[in-house]
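Participant: Let me give you the structure first, and then I'll get to my questions.
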Amino acid sequence: MCGIVGYLGNNQATPVLLSKLRCLEYRGYDSAGVAVIEGDRLNIIKSAGKLSNLETLLQQERPSSTIGIGHTRWATHGSPTNENAHPHTDSTGTFAVVHNGIIENYAQLRTELIEQGYVFTTETDTEVTVHLLSREYEKDQDILGAIIRTVNVMKGAFALGIVSLKHRDRIYAVNHHYSLTVGLGENESFLASDSTAVRQYTNKIVRLEQSEIAEIKTNSYRLFSFDGTEAFREPVSLNTEPYKIDKEGFKHFLLKEINEQPLVLRQTMSKYLPNFSSNPKAPISFNVERFSADSSEGVYGVKMTDNEIKSIKRIIIVACGTALNAGMVGKLVIEQLCSIPVEVEIASEIQTRNILADESTLVIAVSQSGETADTLAAMKAAKAKGAYTLGITNRPDSHLAQIASNLIVTECGIEVSVAATKTYVAQLMCFYLLAIYLGEKRGSISQDHAVEMKKTLHAMPALMEQILAREEEYKTLSLKLADASDVVFIARGVNYPTALEGALKLKELSYIHASGYAAGELKHGPIAVLDSAVPVITVLVPGKVYEKTLSNAQESRARNARMVAVAVDGDEMAPETFDHIFRIPPVEELFSPLVTIVPLQLMSYFVADYLGKDVDQPRNLAKSVTVE
Ligand code: AGP
């Protein structure tokens, strides 16, 4: 979703701002802009559409300035037009503001400002900020005071970048339930809503805490709370390599990330199950570690004591989208191995309910980005009830990592493509490891059983490699489905979430309407949509639910649907029911979601690419969904 950047120093600002905006592109956006202080004016250059449009304007104008802010906007209030693109300015052209998030009371503030004579030129909620700043600054010419008074009347979660003609030596940044990172270089400073965009330039960072304001100058910075109290925090030097954003020869990031999945599983396992080959009986270790990439000097790992783990009576998993599907697999695995009741909740739904969580509840929030507003709100609401909290995220520098008491990090590296693939399988791996970990601690599984399961998990990356080697075969099959306008995915048990995730991937990437159903539900309504134009894709793995799933598929065949399956090699029953089969090597049912999703990811990719869709940045989607 929206991204904020800023620069001040001795170099030209716009090339730096543009390159930092490119780093944030993957978050999803539909317009972009910059504001630089050029001579005695604020020069605001912005455009709807891709960054290349902004780049063309910058090449034409060639603004000369060493201080500025920039933004990628994902439209919420007002369509993605040039006018609504950020930065926004006040009627005197003194302030420019970029904004992430939503100002929930903007309508009331806007009415109040209009009554006071302020003229609005955009449909955005952001514009109230710049008029409020202007109004407050008028009172005493104290810019910090004006910012403090402004943010204190705004409701919601937001981050701001501010420059002012009256104070040409500084940028202000405001963080209120968002993420913002300040980077400190040699005679230059940086600002970005994602530390990835700062790491390109410096490894010395200050992450803003919640409800904090930063005054950033070329060689210094100051931090203030919303009541004006100054805070003193040293910068942190990152010792990790900056993320590399490179397609490495693949046509798209998505295809690269699908192919990285075996590596991601290996990395995640070797982190939490080190030395397994030499000592298969070694316990899973979610040891607490210092995390140096975070200025809050946080720690991560599972910090609950054995007694606390034994005291858990209930688990609630909260997440959105793909992470929610991973959570559904997590539920089944934890229930099976630990005999703890687990509920999976759509984060946007649970947060406003009376959450029935208490001191014996563990709430697990799953989020690739760790910035998803709905997931964070659900986690905070559960935390307020006294529940234990555990975050599963790919971003140890995220907001989720700050608020969760326990943290498991998926070892994926950055995921650039908006559609989640490698982080999904890494989340699944974390759930398998967590379930075994909890099961061993609570005594619900034996050590021998745990060792067997760890062996199975260890074999998964190689199995996945065998599946990926069938890419060409899958491509041929996939293109047979490219003419469909509706696709139904069915499965049972542990692969029901695979059906949901398969449908989500196809929708996101190809814009073909797709729905996933528990196979047994098909006859209770969805079967009405079936005819010879509708492919029904069945995920079918030998095990507890095989026969019943096959029967449900046959019900579809009887309605002349186009029958497609993901089925294992050697399944001789499958050809009687299915016209097209994505074959995978035999796999144990409980762990099969780790690999059954792979042909479906590839299918969605091939169909979308064939249809000429924007595979890495599908229309309307954002990678970090930072508004509720
Ligand atoms: C995945 O392909 C989607 N882009 C989306 O459903 C995503 O999983 C969801 O928005 C949650 O994001 P998070 O994992 O960063 O919280």
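The values are calculated or read from the model by the stated rules, or taken from the named source; none is laboratory data. Note that the structure is predicted; figures quoted are calculated from it, not measured. Neighbour counts run over all protein chains shown; Cβ positions are idealised from the backbone, glycine included.
Participant: Filter segment 569-606 down to the residues that are within 16 Å of the ligand (Cβ to nearest atom) and either assigned by TED's automatic domain parsing to the domain that holds Pro80 or under 30 Å from Ser398 (Cα atoms) (or both) and list them by number.
Facilitator: Hits for segment 569-606 are Pro593, Ile597, Val598, Leu600, Gln601, Leu602, Ser604, Tyr605.
Participant: Right, next: Could you tell me which of the residues Glu230, Glu212 is within 28 Å of the chain's Cα centre (by Cα) and within 23 Å of Ala146 (Cβ to Cβ)?
Facilitator: Exactly one of Glu230, Glu212 is within 28 Å of the chain's Cα centre (by Cα) and within 23 Å of Ala146 (Cβ to Cβ), namely Glu212.
Participant: Does Gly301 satisfy the condition of being touching a residue at least 60 places away in the same chain (Cβ under 8 Å), in contact with a Phe, Trp or Tyr (Cβ under 8 Å, 6 or more places away or on another chain) and more than 15 Å from the ligand (Cβ to nearest atom)?
Facilitator: Against the criterion (touching a residue at least 60 places away in the same chain (Cβ under 8 Å), in contact with a Phe, Trp or Tyr (Cβ under 8 Å, 6 or more places away or on another chain) and more than 15 Å from the ligand (Cβ to nearest atom)), Gly301 qualifies.
Participant: Here's a follow-up. Look at segment 189-211 and say how many of its residues are surrounded by fewer than 20 Cβ atoms within 10 Å (Cβ to Cβ) and either in contact with a strand residue (DSSP E or B) (Cβ under 6 Å, 6 or more places away or on another chain) or closer than 18 Å to Ser164 by Cα (or both).
Facilitator: Qualifying residue count, segment 189-211: 4.
Participant: Okay, moving on. Could you tell me which residue of segment 94-126 is nearest to Phe158 (Cα to Cα), considering only residues that are charged (D, E, K, R) and at pLDDT 95 or above?
Facilitator: Among those residues, the one meeting the criterion is Arg110.
Participant: What pairs come up if the first residue lies in segment 366-378 and is over 17 Å from Gly3 (Cβ atoms), the second is within 7 Å of the ligand (Cβ to nearest atom) and not in a helix (DSSP H, G or I), and their beta carbons are under 6 Å apart, counting only those six or more places apart or on different chains?
Facilitator: Val366/Ala319; Asp374/Cys320; Thr375/Ala319; Thr375/Cys320; Thr375/Ser367
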